[in-house]
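Working notes for the structure below.
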Amino acid sequence: MTPELQRKLDHAFAAFDEDHDGYIQLSDLEERSRRFCVRFNETDSPKGNAALEGMRAHWQALVELTDSDKDGRISKAEFIDAVGTALAEPDAGFDRVFRPALAAGFALADTNDDGAIGVEEFVAFMYLAGFSLAKAPRLFALLDTNGDGKVSVEEWLTAFKTHYTEATADLDLPVNAFFGST
């Protein structure tokens, strides 16, 4: 595993370990999903329920892949070893581990349900997700790879996939620009 991928997985683990107890558990991912649903005013809605189910599918993929000691929680070592190995698989690793949660997050950000995220939706997402609004115009332009003024679900997923599967700290890659080279 490259040092760059190690840093990215360290960052991902820290983001998923919602209660900072050193383990990822279903409750961490459910809390993360609920918090986003509250911020997007999508609690008890079909979209909010889909987001929670997407996060649960993400958990199921993670626990099956990583929980080597079968204790119902994922340590940092389990996460980094197993996810790093899965991401080395052509295509299937990313889709199995990250796609369900990322697709659900995209759906939350697509507030008008047109299948794309426009600039205003993106700025709202940045604000509600706790990112710097100063980064929003540049990040939107990086994510909008075809320049049509909207970010499609494929552009969204491709950006995250590139972040986790290409060993680069290039800040001109969209998701690297979100998180830095972490």
Checklist entry - Using beta carbons and a limit of 7 Å, which pairs, at least six apart or on different chains, have the first residue in segment 1-23 and within 18 Å of residue 101 (Cβ to Cβ) and the second one open to solvent by 30 Å² or more (accessible area, probe 1.4 Å) and not acidic (Asp, Glu)? => result 8/182; 11/179; 11/182; 13/76; 17/23; 18/32; 23/73
Next on the checklist: Looking at 136, 159, can you tell me which residue is closer than 24 Å to residue 37 by Cβ, touching a Leu at 6+ places or on another chain (Cβ under 6 Å) and either in a helix (DSSP H, G or I) or small (Gly, Ala, Ser) (or both)?
Outcome noted: 159
Next on the checklist: Looking at segment 70-93 only, could you name the residues that are assigned to a loop (DSSP other than H, G, I, E, B) and modelled with pLDDT of 75 or more?
Outcome noted: 70, 71, 72, 73
Checklist entry - Exactly one of (1) within 25 Å of residue 28 (Cβ to Cβ); (2) in contact (Cβ under 8 Å) with a residue 24 or more places away in the chain is unmet by residue 86. Its number? => result (2)
Checklist outcome for this item: Within segment 64-81, the residues that are touching a helix residue (DSSP H, G or I) at 6+ places or on another chain (Cβ under 8 Å), open to solvent by 20 Å² or more (accessible area, probe 1.4 Å) and aliphatic (A, V, I, L, M) are 65
Checklist entry - Does segment 123-143 include one or more residues that are under 19 Å from residue 43 (Cα atoms), of a type in the set (Phe, Trp, Tyr) and open to solvent by 60 Å² or more (accessible area, probe 1.4 Å)? => result yes
Checklist entry - When you look at residue 106, is it of a type outside the set (Asp, Glu), under 15 Å from the mean Cα position of the chain (by Cα), open to solvent by 20 Å² or more (accessible area, probe 1.4 Å) and within 28 Å of residue 152 (Cβ to Cβ), yes or no? => result no
Next on the checklist: If the requirement is being touching a residue at least 12 places away in the same chain (Cβ under 8 Å), of a type outside the set (Val, Ile, Thr), open to solvent by 70 Å² or more (accessible area, probe 1.4 Å) and outside any loop (DSSP other than H, G, I, E, B), which of these qualifies: 96, 32?
Outcome noted: 96
Next on the checklist: For a quick check of your reading of the model, give me the residue pairs whose first member lies in segment 36-63 and is within 21 Å of residue 83 (Cα to Cα), whose second is of a type in the set (Lys, Arg), with beta-carbon atoms closer than 7 Å and at least 6 apart or on different chains.
Outcome noted: 55/32; 61/96
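The values are calculated or read from the model by the stated rules, or taken from the named source; none is laboratory data. Just so it is clear, the structure is predicted and the values come from calculations on it, not from any experiment. So basically every Cβ, Gly included, is an ideal-geometry build from the backbone, and we count neighbours across all protein chains shown. The protein model used for the area step is the full one, side chains on, heavy atoms only, and it has no ligands, DNA or RNA in it. Shrake-Rupley method; radii C 1.70, N 1.55, O 1.52, S 1.80 Å.
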